[in-house]
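Worksheet for the structure shown next.
Here, each number is a calculation from the coordinates, and none is a lab measurement. It should be emphasised that the depicted structure is a prediction, and the values quoted were computed from it without experimental measurement. Heads up, the Cβs are rebuilt from the backbone with ideal geometry, glycines too, and the neighbour counts pull from every protein chain shown.
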């Protein structure tokens, strides 16, 4: 079974992998990665390393999904907010 977000831990270092096609993150992928990051940061690790995939780390919002959405403006707003929520939880982590 394919999984686009997974976690590995070595000693006290957590490696959060996320393999999103071409590095683009949809609203739902941002939300899932946010939850996965929170779970990793609350485990017994000292640091969480965000790995991305072998080809791309991230190129930001998922323009193809936005372009093909019923309302591109609404999907753009959802995607921007989901990305902001993900980044906020990372940069405000005090652990």
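Quick notes on this structure:
- Per-residue Cβ neighbour rank within 10 angstrom, fewest leading, 44, 74: 44, 74
- For the chain, projected area of the alpha-carbon convex hull averaged over all directions, nm²: 6.5
- Helix 27-41 axis, angle to the chain major axis (alpha carbon atoms, nearest 10°): 10
- Computed [θ] at 222 nm, deg cm²/dmol, the chain (DSSP H ≥ 4; -39,500 (n - 2.57); rounded to nearest 500): -13500 deg cm²/dmol
- Between residue 6 and residue 87, the simple label model (points 7 Å from Cα in the Cβ direction) yields a spacing of 2.9 nm.
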